[in-house]
Amino acid sequence: MSYDANNIFAKILRGELPAVKVYEDDDAIAFMDIMPQAPGHTLVVPRAPSRNLLDAAPETLSRVMPLVQKLARAVRTAFAADGVTIMQFNEAAGGQTVYHLHFHVIPRHDGVPLSKHAGGMEKAEVLEAHAAKIRAALAS
């Protein structure tokens, strides 16, 4: 399968669709998931057009993984989490629904299960408040 330049994340990267951004640099962007599985659920998306991990250039992965780690640390701090779940899906059979490489960074608390990902869209003001907490953790 080939990369579709009109996927939702490509449109966010081009500024055609809004997103509650947490961080961005020349290689990647991090923004709040609009259907979070837990408060603070963040997505890390490389700017390079890759369908998923299976076709990503090694250079893309070497640039995005330090950011995934950086966001995981900030999310854990911002939400006083006991741990962090990192998820990445490949192709439909692997659970992928948006065909642009991305990593889910989800703060976790002992004994609290994840919500369903399609459980509904979070309010923009809630996402912005969560993003502000993560930005503050990144700055400290």
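Of note:
Here's the yes/no breakdown for (1) under 14 Å from the mean Cα position of the chain (by Cα); (2) within 28 Å of ASP4 (Cβ to Cβ); (3) of a type in the set (S, T, N, Q):
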| site | (1), (2), (3) |
| --- | --- |
| ALA57 | no, yes, no |
| LEU61 | no, yes, no |
| LEU67 | yes, yes, no |
| ALA93 | no, yes, no |
| VAL112 | no, no, no |
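Every residue, every condition in (1) open to solvent by less than 80 Å² (accessible area, probe 1.4 Å); (2) over 23 Å from ARG14 (Cα atoms); (3) part of a helix (DSSP H, G or I), yes or no:
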residue: MET35; (1), (2), (3): yes, no, no
residue: GLY40; (1), (2), (3): yes, yes, no
residue: VAL68; (1), (2), (3): yes, no, yes
residue: ILE86; (1), (2), (3): yes, yes, no
residue: SER115; (1), (2), (3): yes, yes, no
residue: VAL126; (1), (2), (3): yes, yes, yes
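- Qualifying residue in region 43-62 (condition: closer than 30 Å to ASP110 by Cβ, of a type in the set (S, T, N, Q) and surrounded by fewer than 20 Cβ atoms within 10 Å (Cβ to Cβ)): no
- Of all residues making up region 1-18, the number that are closer than 19 Å to ASP55 by Cα and assigned to a loop (DSSP other than H, G, I, E, B): 7
The values are calculated or read from the model by the stated rules, or taken from the named source; none is laboratory data. In this text, all values refer to a predicted model and were calculated from it rather than measured experimentally. Every residue, glycine as well, gets a Cβ built from its backbone with ideal geometry; the counts of neighbours run over all protein chains shown. These accessible areas exclude ligands, DNA and RNA; they are computed on the full protein's heavy atoms, side chains included. Shrake-Rupley method; radii C 1.70, N 1.55, O 1.52, S 1.80 Å.
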